[in-house]
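Here the structure is laid out as C-alpha cells; the discussion comes afterwards.
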Amino acid sequence: MALPVAQMLKTEPLEDEAESILLSGAGQADANATSRKTCHFPLCRLAAVVSIVLLALALWSKMRPTQTEESKVRPLFALQLFSEAEYLSGTLAITTSTTTTQGFNMSRSIFCFMIAAEHEWPVVKWSLKQYIGIFQCDAFQVYTISEKPIELGNLTNGSAYLSTPLKGPHRFWACTYGGVKMLCNVDDALKAWRHVFRDSQALRCGWIVKVDPDTVLMPHRLRTHLLHSGRLDIPDAGPPGRFIANCPRFGSMQGPLEVISQQAMRTFDKNLLKCIWSLGTSMGEDIFLLHCLRELGSWQLSDWTVLKDGKCSGGFHYVQFPFSATGDFDCRDTNVAAFHPFKSIQFFASCMGQAYESEGVNTTERLGH
C-alpha cells in the first residue's frame, strides 16, 4: 500500500534541531564580529522556518526516485506481484493465451480475461463447456486465485484448458472508499494485469477486456458497440489510449466489464508504479484502473448501454435487482453486451438463455436446456 508523503518524510530533523544546526553553521563565520547587529526574533524565526522547508525539500529530492530509477522501485504495498528478479528486471516471459481465430482485425479484436476465485470456478467451467462468454473472444485467458493451474474443461480441439494461477499471498479486504463499502482487491488484479501486459495475444488485439466471472458477456455485441462508440475512425496509434465508461449512475467504468484499448493498456503498463504511488491500493480494482487511466490522460469514451449492471440500474429498467429468491431478472435487451451479476449456474444460464432467445437462437441446441 502506498505510504502518505508525510510518513515518507519522518527522517527530517525536528524544527528546534534544524534551527540549531542552521543557526550554528550560519553564524560561525561572524561569531567574533564586534559590529554584529541584533537579530529581531520574528525575522530570525521566519528565516529558520524557511531554512527548514528548504532542508525538507532537499531531503525529499534525495529520497524520491528519479524517473529512470522509478521503474525499478517496488511498489509500497505488502504483496509481491512477482519474484524479486522478475520485478526488478521489468521483464517477464511472454505467455501465450488461447486463441479462437487466426489473425486479428486490430480495430475490433478483443482479448478477454477474468480473475476467478474458487467459489466462481463452477460458473467458469460451465461457460467453457458451452463455449460462451469470454471463450468466444478473439483470445482469452482465465486467471485463478490458486497456487497451481486449475483444469477448467476442454477446448473445442479436445485439449484440456488450464488456468493461469495467481499465487499467494492474497490480499483483499472489505473497505470503504468515498463513503461506499466495497472489496479492496487491487493487489490480485495487478497480478493478473502484469500477466496480460506480457501476453503475446493481448499485445496483438485492439482492445483488452476484463470480465467478472459472474458477468454474462455477448462478445459479438461488444464488437458492435466498439464499432459505434470506440471511435475507430481515430487511430489508437500512441499513448495514452482510450477506455469505455459504462455506468451512467457514477460516470465510471464498472468492474464487471472493463474495456480499454491497446495503447491504454501499454500506457497503464508503463506508468503502473506511478499510479500506485499516487493512488495507493485501498480501493476496488475498477476504481484504481479508472482513476489511473484518467490521471495518465487516457481518452474516456462513454457507452451507457454496453453493460446492464445491478449497481448502475438508475439508467436501465430492471424487473428486479438485486435478484429476489425466485431470480427475477431481464436479459432480453439486445442492445446490451454484458449483464451482471449472476453468481450461480442457474441464474447465469437463465440470463444467457434469455439473451440468446432475444436473438432468435434455439437455446436447447445452443445451451443444452
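Quick look at the numbers
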quantity	calculated
FRET efficiency, 1/(1 + (r/R0)^6) with R0 35 Å, evaluated for Leu232 and Arg294 via beta carbons	0.95
Order of exposure, largest accessible area first, which applies to Asp212, Asp303 with probe 1.4 Å	Asp212, Asp303
Pairwise centroid distance, computed over Cα atoms, of the range 330-348 with the range 211-288, Å	20 Å
Residue-wise HN-Hα coupling along the range 44-52, computed from phi with Karplus coefficients 6.51, -1.76, 1.60 (Hz; x: Gly, Pro)	4, 4, 5, 4, 5, 5, 4, 5, 5
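The values are calculated or read from the model by the stated rules, or taken from the named source; none is laboratory data. All of these numbers come straight from a predicted model, not from anything done at the bench. Every residue, glycine as well, gets a Cβ built from its backbone with ideal geometry; the counts of neighbours run over all protein chains shown. Only protein heavy atoms, including side chains, enter the accessible area calculation; ligands, DNA and RNA are left aside. Shrake-Rupley method; radii C 1.70, N 1.55, O 1.52, S 1.80 Å.
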